[in-house]
Amino acid sequence: MLFLTEQDVIDALSGGKPALESVELIEELMRQQSAGSTFQLKRCTVTHPDHPGHLWHNLRILPGMVPGMGTAAVRVYSGYRGTNRSEVICLFDWDTMQMVSIVSDYHLHAIRTASPYGVAAKHLARADAASIGIIGTGRYARALTAATCAVRPIRKVKAYSRNPENVRHFCEVMQQELGIEVEPSASAREAVRGTDVMITATSGNVVVFESGWLEPGALLMSLAPGEFDPETILRSRVFVSSIEQVVGDDPPRKPFSTVLADGRFRPEDICAEFCDVVSGKKPGRNHPDDIILYECPGMGILDAAIGHWVFGRAKQKGLGTELPFGEALGGH
């Protein structure tokens, strides 16, 4: 059984075009999801008895199977002190269901999280989309920007977060990585004003985007629960990765839980699960002026696909540490 450390993962992803590769991988995964050939359960959350309802003290599990890619996985992570490195992907071979790898999932998770949004930018953004406005400047924001730029001819990015130093660092790193104009904004409103693709990539549960900021033709992609107000849902054509995950998330996913509870929005008001847009079963953008909202909560099939991909890259490069696991002892 191969153990991949954070450094192994980083080394495995060096070279080539990992942002584009991961988006193409998840695009194919979504075609298989649409065909009904993938299997998953929605996220299971076990609440710490001493900290009920607190995201920082829970245990969370995401299982998924992707037979078409020869893999299955369970992502296991805790929320201690927010996002930290207490997160792994347990990867299984599909034919034998033998555990073949444990993958440290801090660096990789940003790429896994961003990849579906890259697919969404490809299929849901306006054909002439050339600018990004992003609220949030952490590792997820960098990955979402890279994934979007991998599939769209983006010429300009505007960024905002509450910490000016983080914004400065984001702009420097992304401008060097992408070779395009990346500039700081004085406010969240200014970051998204006049942009084609609007992204919220914060730690969640604080509204950072208002419905009045939506403009004709905009694609809003939200990373975390509670980043936008309820009216944003009501003004948008809504696409999600999994209706079950959005409607039945634990804890309830804001602001969807708010508008579902008060009757202003119903599950059937969701235009489609996004995989059906990718496969061509359902329409995506109908008109250049459509305002579209896309949200992709975690799905175990994403972890299975991305884990299998980085495992293959690591094997090719001879990375990782083989650990004894499940070996017979004493002749038994």
Inset, instruction - Being free of Cβ contacts under 8 Å to residues at least 60 places away in the same chain and under 18 Å from the mean Cα position of the chain (by Cα) is the filter here, so list the residues in region 206-224 that pass it. - result: A224
Legend entry - Leading residue by the ranking (nearest to V277 (Cα to Cα)) among those in region 19-68 that are at pLDDT below 95 and assigned to a helix (DSSP H, G or I): L55
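To keep it simple, each residue is scored yes or no on (1) over 21 Å from L214 (Cα atoms); (2) acidic (D, E).
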residue	(1), (2)
P230	no, no
F239	no, no
E244	yes, yes
D249	yes, yes
P252	yes, no
T258	no, no
A272	no, no
V277	yes, no
K281	yes, no
Legend entry - strands (runs of 3 or more DSSP E) contained entirely in region 75-166, each with at least 3 residues that are under 15 Å from V310 (Cβ atoms) and either touching a helix residue (DSSP H, G or I) at 6+ places or on another chain (Cβ under 7 Å) or not assigned by TED's automatic domain parsing to the domain that holds V240 (or both): 87-93, 99-104
Inset, instruction - Could you look through region 317-332, keep only residues that are surrounded by fewer than 10 Cβ atoms within 10 Å (Cβ to Cβ) and within 20 Å of Q98 (Cβ to Cβ), and pick out the one that is modelled with the highest pLDDT? - result: E322
Inset, instruction - Among residues belonging to region 275-312 that are among the hydrophobic types (A, V, I, L, M, F, W, C) and not in a helix (DSSP H, G or I), point out the one that is nearest to the chain's Cα centre (by Cα). - result: C296
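The values are calculated or read from the model by the stated rules, or taken from the named source; none is laboratory data. Since the structure is predicted, the reported quantities are computational estimates derived from the model, not experimental observations. With ideal geometry, Cβ positions are generated from the backbone for all residues, glycine too; neighbour counts draw on all protein chains shown.
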